[in-house]
Amino acid sequence: MHTMIHLLADAPPQMLPARSLMAFTLATHIILVPLGVALPLITLIMHGYGLRTGDETALLLARRWSAVIAVQFAIGVVTGTVLSFEFGLLWPGLMGRWGDVFGLGFSVEGWAFFLEAVLIAIYLYGWRRLKPRTHFLLGLPLPAAALLGAFGILAANSWMNTPQGFSLDAEGNPTDVDVWKSIFTPMFGPEYWHFVVAMLVTAGYVVAGVYATGWLRGRRDRYHRLGFTVPFTVAAVCTPLQFMLGDSIARQVFHKQPVKFAAMEIVWNTDTHVPEYLYGRLHPDGSISGGIKIPQFDSILAGFSTDTKVTGLTSVPASDRPNATQATIAHWAFDTMVGIGSLLVLLALWYALIWWRRRRLPESKWFYRVAACAGVASVAAVECGWITTEVGRQPWIVYENMRVAEAVTATRSYGLWIMFGLVVVVYVFVFGSFLVVLLKMRTRWRLADEAQPAGSPAEGPESDTPYGPRPAVPAGDSRASDGPSERNGS
């Protein structure tokens, strides 16, 4: 508490509201990111499977998921635009001095955003209007556009963690910018692939969790089995890979950002044979209370040897490192992320073992209970990952080149608090609307399924083309020839 009071006393009054506002908008926006980055790929996997096998249930699921993509994208427009404005409004020092160096990443993200909007519109329009193969091929660039947007954002963030590609003049301003080096920094590759696979894991478990809940409620038809199997399989395959990528990026942080690594592992003094603490709280005098201590294990994790030297927080002046409170926050977030990832690996292994031995889905209710929670746990792990990245970098906004206090706006703090309150109100409305729309879509799909006669085949969702002949409507059938009836949705 005394450390935090001292920190706030030394910081500009704008720091707390500016950082609170940025943290809130980032934390809420990132909830939507997995659906934006990874759901298009999962949808196209389902779409391709449906076309290859002639499975109308798979096509119907893909079509419904494409509607969710569109709604998510519309909400993401709002939250993403707010974030774009905040960079300029809250951190003018950052953008004013360094915008020419790392701003290309934001430009790439902007172009990817517009391209994604066009591709989503084409993909939605194509259902029932384009030939099946043409429609599928036009949807293939959609995951690439989503990955391009992630490329832009991660290029900017990785540069803030390991800045390069510039020289400084006598006044400390960047010159001689090398755009290639500013994009492909030492942390870009590890951050990018760790992030992309995390999005696949999270989106897969989130979508599968919906159908796992349906399974627990007794809906065990093919629609729910297929709706669970495809996204869960994608997530389960990616989970062990993500665990390895996470280990790789931690080692990169150990080599490229040793002080951040010290914060993540609450290491006070540089030494060998460093113990690992599971949770635990770091105090300003370097002591640690609570947690579970594993002797020498941190050195083993960092360099596969107990003799590995781990840099401590005291290797740099106190003004150049996270304080004890920030280090504890980064450490708890990191441990939580690793803990969730470990549990998800066990869940994936459970799924793989059942499939390998019996060639069928698990039947245990406990499996589906855990699977239903895996989506929320994955989102929590993503949030913890960003907390680790951003808090562990403190007090730098550009690592070892600009402090957060130097970048913050000069706007009066009460104005920022008012802005924060308004943003919270708007976001409650926006995310509430998002939830209402999804629930209404689910209800409409379920009612359409209940109206479908039992055992009657549904018309394929891509059977009509805009200019070709329409199928005849049977006499006495009050339904217009505007496509297939829907099946039970969740």
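Rolling a 1.4 angstrom probe over the protein heavy atoms, how many square angstrom per residue are accessible across segment 328-445? Please report the intermediate quantities before stating the final value.
Values: 6350 Å² over 118 residues.
Computed with neighbouring chains in place, this is 54 Å² per residue.
Taking ILE387, ILE120 and ordering them by how much accessible surface each has at a 1.4 Å probe, largest first, produces ILE387, ILE120. Phi angles across segment 157-171 convert, under the Karplus curve 6.51 cos²θ - 1.76 cosθ + 1.60 with θ = phi - 60°, into 3J(HN,Hα) values of 5, 5, 5, 5, 7, 9, x, 7, x, 7, 10, 10, 7, 5, 8 Hz, Gly and Pro given as x. Residues in segment 162-219 average 43 Å² of solvent-accessible surface per residue, probe 1.4 Å, ligands and nucleic acids excluded. Residues whose amide H lies under 5 Å from that of GLU276, counting only those 5 or more places away or on a different chain, are ILE294, GLN296, PHE297, ASP298; hydrogens are built 1.01 Å from N in the peptide plane. The angle between the Cα long axis of helix 222-256 and the longest principal axis of the Cα atoms of the chain comes to about 20 degrees, rounded to the nearest 10. From its DSSP helices (H runs of at least four residues, each -39,500 (n - 2.57)), the chain gives a residue-normalised ellipticity at 222 nm of -23500 deg cm²/dmol.
For the chain, the longest principal axis of the alpha carbon atoms and the long axis of helix 92-126 meet at an angle near 10°. Look at the dipole of segment 242-302 built from charges on Cβ: of ALA262, MET244, PRO295, the Cα furthest out on the positive end belongs to MET244.
Between the Cα long axis of helix 188-216 and the first principal axis of the chain there is an angle of about 40°, rounded to the nearest 10.
With every protein chain kept in place and ligands, DNA and RNA left out, what is the accessible area per residue of segment 37-156? Probe 1.4 Å, answer in Å².
The answer is 40 Å² per residue.
In order along segment 399-404, the phi-based Karplus estimate (6.51 cos²θ - 1.76 cosθ + 1.60, θ = phi - 60°) of 3J(HN,Hα) comes to 3, 6, 10, 8, 7, 4 Hz; Gly and Pro are listed as x.
A probe of 1.4 angstrom, applied to the heavy atoms of all protein chains, finds GLU406 with accessible area near 100 square angstrom.
Ignoring ligands, DNA and RNA, how do HIS224, HIS194 rank by accessible area with a 1.4 Å probe, largest first?
HIS194, HIS224
Residues in segment 356-364 carry Karplus couplings, in order, of 5, 7, 10, 6, 7, 6, x, 10, 5 Hz; the curve used is 6.51 cos²θ - 1.76 cosθ + 1.60 with θ = phi - 60°, and Gly or Pro positions show x. Within the accessible area of the chain, the carbon and sulfur atoms contribute 66%, probe 1.4 Å, all protein chains present. Residues whose amide H falls under 5 Å from that of MET402, counting only those 5 or more places apart or on a different chain, are ILE397, with hydrogens built in the peptide plane.
Want the number for GLU400 to VAL430: 0.36 nm per residue separation, take away the alpha-carbon distance, what's left?
7.1 nm
A cut-off of 5 Å between modelled amide H atoms, ignoring neighbours fewer than 5 places along the same chain, links LEU130 with no other residue.
The values are calculated or read from the model by the stated rules, or taken from the named source; none is laboratory data. Since the model is a prediction, treat every value here as computed from it, not as a measurement. Neighbour counts run over all protein chains shown; Cβ positions are idealised from the backbone, glycine included. Each accessible area value is taken on the protein alone, full model and side chains, heavy atoms only, with ligands, DNA and RNA left out. Shrake-Rupley method; radii C 1.70, N 1.55, O 1.52, S 1.80 Å.
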